[in-house]
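See structure below.
The values are calculated or read from the model by the stated rules, or taken from the named source; none is laboratory data. Please read these numbers as outputs of a predicted model, since none were measured by experiment. We place every Cβ from the backbone using ideal geometry, glycine too, and count neighbours over all the protein chains shown. The area values use the complete protein model at the heavy-atom level, side chains included, leaving out ligands, DNA and RNA. Shrake-Rupley method; radii C 1.70, N 1.55, O 1.52, S 1.80 Å.
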Amino acid sequence: GQPQFGTFHSIFFSIIQKHCHYKISDLITPTQQRMFIKQVLLNGNYGLPIDLDTMENLLSLISRYKNLGEEQTEDGFLTEEQFKQLYREYQEQMEWHHKIDFDDMLLLCKEVLEKQQAIRKLWQERFPFILVDEFQDINAIQYETVKLLAQPGNNLFIVGDDDQSIYRFRGAKPEIMLNFQKDFPKAVMIQLAENYRSTECIIK
């Protein structure tokens with residue numbers, strides 16, 4: 001078949017679109033996200049101001065929790081119990097309106113591939129060879145999903161530079177790339193040590 005190009009989100013969404021019956025219109029917009037989190041704050045007793053900064057902060061914490069499973073408790077913004085309650089109420093708002101966000105896209109795809117053998121086999125056959133660029137910016141959920149798709153042949157070609165990771169705040173883990181050969185001992189590393197693109201003053 002023809003090669004398919006796309007971001008993790010676009011490729012993974014095409015999988016859940018086919019098998020979980022989600023449509024583009026089911027993707028939540030930033031305005032809707034703020035509306036839902038505002039409703040949660042209005043309904044609850046969190047003692048937080050209902051302003052844009054607070055809502056954006058909470059949405060970032062929710063995204064981090066979905067990607068890393070980390071709850072925010074260190075700065076006294078919310079207690080662990082408050083955060084869990086807020087997260088639960090926010091997700092209920094999402095489900096009530098049949099909406100998913102960009103993090104759900106990754107989580108749902110991973111879940112479908114893990115639990116549905118026939119679907120997993122279908123997409124493994126669709127992607128017998130996988131190339132991932134900017135691999136230093138991959139996060140754990142994306143990596144686990146790529147590993148599922150790559151089986152059983154494990155024909156993975158990854159390209160990355162651990163000095164260039166810029167998405168740690170989104171859960172990117174350059175150490176995944178650094179440990180790649182532990183997961184795939186037969187992998188061959190080709191180092192591109194010469195810079196042929198930049199002028200001498202830039203290299204210096």
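Just checking: which of the helices (runs of 4 or more DSSP H) contained wholly in segment 94-174 hold 2 or more residues that are touching a residue at least 40 places away in the same chain (Cβ under 8 Å) and over 19 Å from the mean Cα position of the chain (by Cα)? Write out each step before concluding.
Details: elements: 102-115, 117-126, 140-150.
Per the criteria, 117-126.
Only one residue in 37, 24 is β-branched (Val, Ile, Thr), under 23 Å from the mean Cα position of the chain (by Cα) and over 27 Å from residue 146 (Cβ atoms). Which one?
37
Could you look through segment 170-197, keep only residues that are open to solvent by less than 70 Å² (accessible area, probe 1.4 Å) and modelled with pLDDT of 85 or more, and pick out the one that is nearest to residue 56 (Cα to Cα)?
176
Out of 106, 122, 131, which single residue is among the aliphatic types (A, V, I, L, M), closer than 23 Å to residue 24 by Cα and surrounded by fewer than 16 Cβ atoms within 10 Å (Cβ to Cβ)? Lay out the reasoning, then the answer.
Details: 106 fails: surrounded by fewer than 16 Cβ atoms within 10 Å (Cβ to Cβ); 131 fails: closer than 23 Å to residue 24 by Cα.
Of 106, 122, 131, the one residue that is among the aliphatic types (A, V, I, L, M), closer than 23 Å to residue 24 by Cα and surrounded by fewer than 16 Cβ atoms within 10 Å (Cβ to Cβ) is 122.
Can you pull out the residues in segment 14-40 that are touching a residue at least 40 places away in the same chain (Cβ under 8 Å), open to solvent by 10 Å² or more (accessible area, probe 1.4 Å) and touching a helix residue (DSSP H, G or I) at 6+ places or on another chain (Cβ under 8 Å)?
Matches in segment 14-40: 19, 20, 22, 27, 28, 33, 39.
State which residue is modelled with the lowest pLDDT when the search covers only segment 54-83 and only residues that are open to solvent by 70 Å² or more (accessible area, probe 1.4 Å), farther than 20 Å from residue 30 by Cβ and of a type outside the set (Ser, Thr, Tyr).
74
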